[in-house]
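The values are calculated or read from the model by the stated rules, or taken from the named source; none is laboratory data. Not measured: the values here are computed from a predicted model. All Cβ positions, even for glycine, are placed from backbone atoms using ideal geometry, and neighbour counts span all protein chains on display. The accessibility values were calculated without ligands, DNA or RNA, using every heavy atom of the protein model including side chains. Shrake-Rupley method; radii C 1.70, N 1.55, O 1.52, S 1.80 Å.
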Amino acid sequence: MNLKSIFKNLGPGPIVAAAFIGPGTVTVCTLAGVNFGFSLIWALGLSVVSTVVLQEISGRIGLVTGKDLSQLIRSQQGHPVFRYFSMILVLIAIGLGNAAYESGNISGANLGLQVFWEAPRLVFSGFEVHSGNLFIGFLAFSLLWLGNYKTLERVLVGLVIFMSLAFISTAILTNPDWGEVMTGFLPVWNDASLPTLVALIGTTVVPYNLFLYASLAKNRWSGSADIPWMRRDIVIAIVLGGMVSMAILIVGSTNSGSEINNALDVSKGLEGVFGKFAQYLMGFGLIAAGLTSSLTAPLAAGLVICGIMGWDQSIHSKTMRASMGTIVLLGLAFASLGAKPIQLITLAQLANGFLLPLVSGWIIRIVCQRSIMGDFRNKPVHTFLAVGIWLVMLFLGLKSIMAVLKIGV
């Protein structure tokens, strides 16, 4: 099997990588490097393994059953109260959460755009609107409205490669002590680093990507015979995404002791290596990270909303366009009008805190059932590994819920 054949048969894995490497990930990884050096690289390694295992399960379920996770939730057997509770929880966490996070994706891409173009601010009825946000929002909306899954896949693969080259080359050229970098793979933490550790894993293992990949995988491949291709696809994409996250952390470590207010501030610490070109490198990276996530967040939300409601999930359908457009427009409104949807984000974090362990536990249960998966059910050793990862997800969910409740006090 040659390299050309592998790349030809790659599927939606890069879309998952594009989804989790957004401005939030760039900021979290940057601050981890600034505050703790290389010591938390192991957390990113753990997040890569966890993401590969859970995404492989979701992709396998999609290929074997021919349904995505939202459709399975809608059609699951059992007490109607539990089914409707599950549907409502998923709609809140994915729909509401992605609308809130879309504002951060648009704002993050605009932050990178400002390196190259200081977009004017417009005033409408007393509200100040940043035209850069409008440009990013309009671009994302247009690509989603006019494109198809294959076109979006190609656009996102290109952006992921572009983003990967920007961050990985930057990390290499900063010439870190690679011996110290390798020691970062040894698990260590303390009370001070625990919140950052949780954030590093939580920004990679996200619930909506499980829904997104199952849906895209069943559309990309014909069935269970293509499971080997699906596995190669997700491993290559997630490992590459993990390398990008590690590269961002390494770049952040060059700013140790500096005051960092956002990811773009990292460029100041790189000026000794790149001169004024440093800000352009970081600007490119932020544009790519923000734009990829501003496409995948509404796409995932649209698939979930339509799946839960039993609507047409084809990207050109009225229901998908309306669902995706609503997410983009809400994100654009929050980003452009300067609103700070703290309560919305807090609710989304709380719902995701419940959703992550519930969904991961649910798909592990599904993938172990012969009645559903047949010969493609989990083997005992795979179940043991998956349950270990589920315990990590449960810990992350509890930490997220505790953090939100503390904020609300």
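I'm trying to understand the selection: among the residues of region 36-56, which are among the aliphatic types (A, V, I, L, M), open to solvent by less than 40 Å² (accessible area, probe 1.4 Å) and under 17 Å from the mean Cα position of the chain (by Cα)?
First, pick out the residues of region 36-56 that are among the aliphatic types (A, V, I, L, M): 40-41, 43-44, 46, 48-49, 52-54.
If we keep only those that are open to solvent by less than 40 Å² (accessible area, probe 1.4 Å) as well, we get 40-41, 43-44, 48, 52-54.
If the condition is that a residue be among the aliphatic types (A, V, I, L, M), open to solvent by less than 40 Å² (accessible area, probe 1.4 Å) and under 17 Å from the mean Cα position of the chain (by Cα), then A43, L44, V48, V52, V53, L54 are the ones that fit.
Residues in region 369-397 that are within 20 Å of R83 (Cα to Cα) and either without any contact (Cβ under 8 Å) to a residue 24 or more places away in the chain or touching a Cys at 6+ places or on another chain (Cβ under 9 Å) (or both) were compared, and the one that is least open to solvent (accessible area, probe 1.4 Å) is Q369.
Just checking: which of the helices (runs of 4 or more DSSP H) contained wholly in region 312-382 hold 1 or more residues that are out of contact with any Leu (no Cβ under 9 Å at 6 or more places or on another chain), acidic (D, E) and at pLDDT 85 or above? Show your work before the answer.
Numbers: elements: 318-336, 342-367, 370-373.
So the answer is none; nothing clears 1.
Here is the figure for region 57-72: residues that are more than 24 Å from F384 (Cα to Cα), part of a helix (DSSP H, G or I) and open to solvent by less than 50 Å² (accessible area, probe 1.4 Å) total 1. For the residues N190, N175, N219, the requirement of being open to solvent by 20 Å² or more (accessible area, probe 1.4 Å) and under 19 Å from A17 (Cα atoms) singles out N219. Residue count for region 150-172 under the criterion of being buried (at least 18 other Cβ atoms within 10 Å of the Cβ) and among the aromatic types (F, W, Y): the result is 1.
Within region 178-193, does at least one residue satisfy the condition of being assigned to a helix (DSSP H, G or I) and of a type in the set (V, I, T)? Explain how you work it out, then say what you get.
Here is the first cut: in region 178-193, the ones assigned to a helix (DSSP H, G or I) are 178-183.
Cutting the leftovers down to of a type in the set (V, I, T) gives us 181, 183.
Within region 178-193, one or more residues are assigned to a helix (DSSP H, G or I) and of a type in the set (V, I, T).
Residue count for region 243-265 satisfying the condition of being at pLDDT below 85, buried (at least 24 other Cβ atoms within 10 Å of the Cβ) and among the polar types (S, T, N, Q): 1.
The test for being assigned to a helix (DSSP H, G or I), at negative phi and surrounded by 20 or more Cβ atoms within 10 Å (Cβ to Cβ) does not hold for V205. Looking at region 127-137, can you tell me whether even one residue there is open to solvent by 60 Å² or more (accessible area, probe 1.4 Å) and either at pLDDT 80 or above or assigned to a helix (DSSP H, G or I) (or both)? Taking every residue of region 127-137 in turn, at least one turns out to be open to solvent by 60 Å² or more (accessible area, probe 1.4 Å) and either at pLDDT 80 or above or assigned to a helix (DSSP H, G or I) (or both).
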